[in-house]
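J.: Right, I'll just put the structure down here and ask away after.
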Amino acid sequence: MIEQPPDFFSSDEAQCRQLGIDAVRIMNPEDRDIIAENAARAVCSDCIFIENCREWGMSHDQVGVLGGMTWRERHNLTLKIRRERNKMRKHCLGTEPDYE
Ligand code: SF4
């Protein structure tokens, strides 16, 4: 099942929509284009949905710049959060982490 994109992508308040930019979301992570990435980050930086968009991108493993972060940046942030969570779990509960 393909999940529909969240409503904020079609909101008139989304910066990418206001500027008519869909490329923010469709860049291929294999074709790194630093200039395009930075331009997309600049678009996202003024967007009221930046945090929701980043979280959605992280939970759906989407390519492209979402919430001001590239796929790789979101992926690395997801791994960091899991490591921290597991460290905290081990510290507080004494259980082994489910991910390293
Ligand atoms: S954070 Fe970026 S990609 Fe997400 S809705 Fe806003 S402008 Fe578009």
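Condition check ((1) in a helix (DSSP H, G or I); (2) farther than 21 Å from SER45 by Cβ; (3) touching a His at 6+ places or on another chain (Cβ under 8 Å)) across all residues:
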{"position": "GLY57", "(1), (2), (3)": "yes, no, no"}
{"position": "GLY64", "(1), (2), (3)": "no, no, no"}
{"position": "GLU73", "(1), (2), (3)": "yes, no, no"}
{"position": "THR78", "(1), (2), (3)": "yes, no, no"}
{"position": "ILE81", "(1), (2), (3)": "yes, yes, no"}
{"position": "MET88", "(1), (2), (3)": "yes, yes, no"}
{"position": "THR95", "(1), (2), (3)": "no, yes, no"}
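J.: On the basis of being at pLDDT 85 or above and among the polar types (S, T, N, Q), does GLN18 make the cut? Reasoning before the result, please.
T.: Details: at pLDDT 85 or above: yes; among the polar types (S, T, N, Q): yes.
Criteria met by GLN18.
J.: Name the residue, out of VAL63, VAL43, that is touching a helix residue (DSSP H, G or I) at 6+ places or on another chain (Cβ under 8 Å) and over 18 Å from GLU13 (Cα atoms). Steps first, answer last, please.
T.: Working: VAL43 fails: over 18 Å from GLU13 (Cα atoms).
Result: VAL63 is the single residue among VAL63, VAL43 that is touching a helix residue (DSSP H, G or I) at 6+ places or on another chain (Cβ under 8 Å) and over 18 Å from GLU13 (Cα atoms).
J.: Exactly one of (1) among the β-branched types (Val, Ile, Thr); (2) surrounded by 10 or more Cβ atoms within 10 Å (Cβ to Cβ); (3) modelled with pLDDT under 90 is unmet by ILE34. Its number?
T.: ILE34 satisfies all of (1) among the β-branched types (Val, Ile, Thr); (2) surrounded by 10 or more Cβ atoms within 10 Å (Cβ to Cβ); (3) modelled with pLDDT under 90 except (2).
J.: Let me ask something else. Among the numbered criteria (1) under 21 Å from LEU19 (Cβ atoms); (2) out of contact with any Gly (no Cβ under 9 Å at 6 or more places or on another chain), which one does ARG85 miss?
T.: Result: ARG85 passes all but (1).
J.: Return yes when ARG83 is more than 8 Å from the ligand (Cβ to nearest atom), surrounded by 11 or more Cβ atoms within 10 Å (Cβ to Cβ) and at pLDDT 90 or above and no when it is not. Can you show your working first?
T.: Numbers: more than 8 Å from the ligand (Cβ to nearest atom): yes; surrounded by 11 or more Cβ atoms within 10 Å (Cβ to Cβ): yes; at pLDDT 90 or above: yes.
Answer is yes for this residue.
J.: Hey, another quick one. Hey, can you tell me all the residues within segment 58-80 that are within 8 Å of the ligand (Cβ to nearest atom) and free of Cβ contacts under 8 Å to residues at least 24 places away in the same chain?
T.: Result: GLY67, single match.
The values are calculated or read from the model by the stated rules, or taken from the named source; none is laboratory data. If you're wondering where the values come from, they're calculated on a predicted model, not measured in any experiment. When we count neighbours, we look across all protein chains shown, and the Cβ atoms used for this are built from the backbone with ideal geometry, even at glycine.
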